[in-house]
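Have a look at the structure below before the remarks.
Bear in mind that the values in this text are calculations on the coordinates, not laboratory data. This structure is a prediction, so every number in the text was calculated from the model and none was measured. When we count neighbours, we look across all protein chains shown, and the Cβ atoms used for this are built from the backbone with ideal geometry, even at glycine.
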Amino acid sequence: MSRRLTRRTFLKSTAAAGALTLLPAGSALTYAANASVNLGIVGVGGMGAGNRQHFKRLGGCTLVALCDVDRKRLEDSTRDHEGAKTWTDYRKMLQEQKELDAVMVSTPDHHHYPASMLAMQLGKAVCTEKPLTHSVWEARQLALGAARHKVATQHDHENHATDGLRKVVEWVQSGAVGTVREVHIWTDRPIWPQGIRQRPPAKPVPPNLEWDLWLGPAPWRDYHDGLHAFSWRGYWDFGTGALGDMGCHFWDSAFWAMKLGEAKSFTVEAEHEGNSNETGPVWATVVYQFPARGALPPVKVTWWDGRKGRKTETGETKYDVPNLPPRPPELEPDRKFHTNGSMFIGDKGTLLVNDAASPRLIPEAKMKEFKPPEPFLPRPGDHKKDWLQAITGGTPAGSNFADFGGPLAETVLLGNLAIRTGTKIEWDVAALKARNCPAADPYIRRPYRQGWEV
């Protein structure tokens with residue numbers, strides 16, 4: 001029921017800077033195991049609907065609480081979960097529904113931290129959708145809080161438990177492509193509007209929506225098109241853009257295989273188009289430069305997202321050209337270069353990963369000759385099952401907030417600092433600071449509306 005803590009498991013922070021006191025090498029993270037799990041879902045539509053059905057298929061838990069600020073979605077969800085108590089305010093649910101053991105947080109990004117932290121403070125296990133938090137400071141605080149409160153946690157980026165993703169880690173760490181000094185990660189997102197400079201005009205709030213609760217900790221604004229229930233992802237007050245939405249999926253294997261969480265400092269810079277105070281850009285290319293980590297050499301990791309513009313015959317600009325890394329020369333001309341994936345370039349070859357967890361050495365002839373290493377990582381198979389087993393068995397889940405999930409989110413979200421400040425960020429991990437850019441401070445940590453502080 002214990003596990004050694006990594007360098008990036010944090011126990012104490014100062015109030016503003018997030019400075020660290022690290023545990024001694026022999027310390028261990030433990031928490032109590034529960035015999036059964038009474039589960040609540042915060043956010044029952046969208047990702048929440050899929051999560052509800054996932055837990056229903058898995059079994060091993062009883063869904064006793066449903067929470068959503070959209071009363072229609074909430075009512076619809078009860079048809080599949082008769083007997084579950086319903087709430088519109090997760091703060092009341094967490095504090096008043098005493099038999100609740102665990103919570104799945106499936107809200108828009110800006111609610112991830114307050115819902116997750118409050119649940120941990122009340123002794124409840126937490127699984128939180130990707131990205132773990134809306135800001136870098138929040139990711140650090142959830143990592144610290146998970147270690148302090150000793151509850152079972154999981155950052156819900158699904159592929160972490162799969163055989164395919166763990167093969168990527170095993171193959172890279174076993175030297176399948178030699179020494180890796182360059183990694184590319186990319187996605188076709190955003191598939192929602194970004195590059196919006198002018199806030200849409202205000203509209204009446206739909207009668208089924210508790211607007212004040214939907215805003216939660218974010219700054220007040222009038223209701224308008226493009227927010228509930230999907231396109232909030234592009235708006236900085238509520239979402240984290242393409243990088244936040246998909247980065248924790250596609251960065252997972254690189255962060256793990258390349259031990260990026262061991263870096264004490266690194267730089268991040270971005271090229272992009274269309275960023276504004278309202279929304280993220282229509283496309284972005286973000287370059288992270290990590291120094292040597294122990295025996296591993298420096299590595300450059302480049303993130304690519306969105307679609308670039310092209311001029312049509314009529315002179316208009318259409319944004320339909322995928323922003324992708326250069327097609328690897330080893331990839332055969334008749335093979336598809338997918339619009340979501342990652343690529344590890346070593347001194348002995350290239351590993352191409354379509355989506356998040358389907359590794360192949362290229363060209364195919366090299367794959368046919370390849371003898372994979374003996375598996376050395378556990379295979380939990382299902383990410384949410386891994387969390388439920390942590391609750392009932394006491395052994396931390398693979399992407400628990402303290403060991404992996406928090407540091408992963410923190411690193412991914414730093415790309416948004418480079419996008420929003422327009423500056424090459426020199427990041428100090430221990431101090432939680434951009435050494436060269438005080439203008440980044442409001443994006444590292446922002447104030448919450450009164451009543452939403454945790």
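Rounded to the nearest Hz, the phi-derived 3J(HN,Hα) couplings of region 112-124 under the Karplus curve 6.51 cos²θ - 1.76 cosθ + 1.60 (θ = phi - 60°) are 4, 5, x, 5, 5, 5, 4, 4, 5, 4, 8, x, 9, where x marks glycine and proline. Using alpha carbons only, what's the Rg to Rh ratio of the chain with Rh from Kirkwood? Rounded to two decimals, Rg over Rh is 0.96.
List Val429, Val151, Val454 from most exposed to least, where exposure is judged by having the fewest other Cβ atoms within 10 Å.
Listed from fewest to most nearby Cβ atoms, that is Val454, Val429, Val151.
Of all lysines in the structure, the ones whose alpha carbon falls short of 18 Å from that of Lys264, not counting any fewer than 8 places away in one chain, are Lys12, Lys300, Lys424, Lys433. Please report the spacing between the Cα centers of region 57-92 and region 374-437 in Å, no decimals. What the calculation gives is 28 Å, centre to centre.
Near the amide H of Lys433, within less than 5 Å, lie the amide hydrogens of Asp428, all on another chain or at least 5 residues away, with H placed in the peptide plane.
What's the magnitude of the charge dipole for region 323-426 around its Cα centre, counting Lys and Arg as +1 and Asp and Glu as -1 at the beta-carbon? Answer in Debye, nearest 20.
Values: 13 positive and 13 negative charges, 36 e Å.
Computed about the Cα centre, the dipole is about 180 debye.
What separates the Cα centres of region 303-347 and region 122-182 is a distance of 27 Å.
Among Ile196, Ile419, Ile185, Ile391, which comes first, then next, by fewest other beta-carbon atoms within 10 Å? Can you show the working numbers first?
Working: Ile196 17, Ile419 24, Ile185 30, Ile391 27.
Lowest to highest Cβ neighbour count: Ile196, Ile419, Ile391, Ile185.
Panel order for Arg189, Arg57, by other beta carbons found within 10 Å of each beta carbon, from fewest to most: Arg57, Arg189.
Gain on full extension, evaluated as 0.36 nm per residue between Lys336 and Ser358 minus their Cα-Cα distance, stands at 6.6 nm.
Using C-alpha pairs under 8 Å with a sequence gap of at least 6, the mean separation divided by the residue count of region 95-226 gives a relative contact order of 19 percent. The Cα trace of region 101-170 gives Rg and Dmax of 12.7, 37 Å, the first to one decimal, the second as a whole number.
Among DSSP beta bridges whose residues both lie in the chain, state the antiparallel percentage, nearest 5.
Percent antiparallel among DSSP bridges in the chain is about 65.
For the pair region 261-287 and region 195-259, the centres of their Cα atoms are 17 angstrom apart.
If the only charges are +1 at each Lys and Arg Cβ and -1 at each Asp and Glu Cβ, what is the size of the charge dipole of region 263-309 around the Cα centre, to the nearest 20 debye?
Magnitude of the dipole: close to 300 debye.
Compactness of region 32-156 is given as radius of gyration and Dmax, 13.3, 38 Å, from Cα positions.
Take the Cα of Lys203, step 7 Å toward its Cβ, do the same at Thr88, and the gap between the two points is 2.0 nm. Which of rounded, prolate or oblate describes region 217-359 when judged by the alpha-carbon gyration tensor and an a/c cut-off of 1.5? Verdict is oblate for region 217-359. In a simple Cβ point-charge model (Lys, Arg +1; Asp, Glu -1; nothing else charged), the chain has a dipole of about 800 debye relative to its Cα centre. 3J(HN,Hα) along region 218-234, derived from phi through the Karplus expression 6.51 cos²θ - 1.76 cosθ + 1.60 where θ = phi - 60°, amounts to 6, x, 5, 8, 6, 4, 8, 4, x, 10, 6, 10, 10, 7, 4, 4, x Hz, with x in place of Gly and Pro.
Positive end of the dipole of the chain (Cβ unit charges, origin at the Cα centre): among Gly306, Leu213, Ala143, the Cα lying farthest that way belongs to Ala143.
222 nm [θ] for the chain, helices only, -39500 (n - 2.57) per DSSP H run of 4+, per residue, to 500?
Counting only the DSSP helices, I get -7500 deg cm²/dmol.
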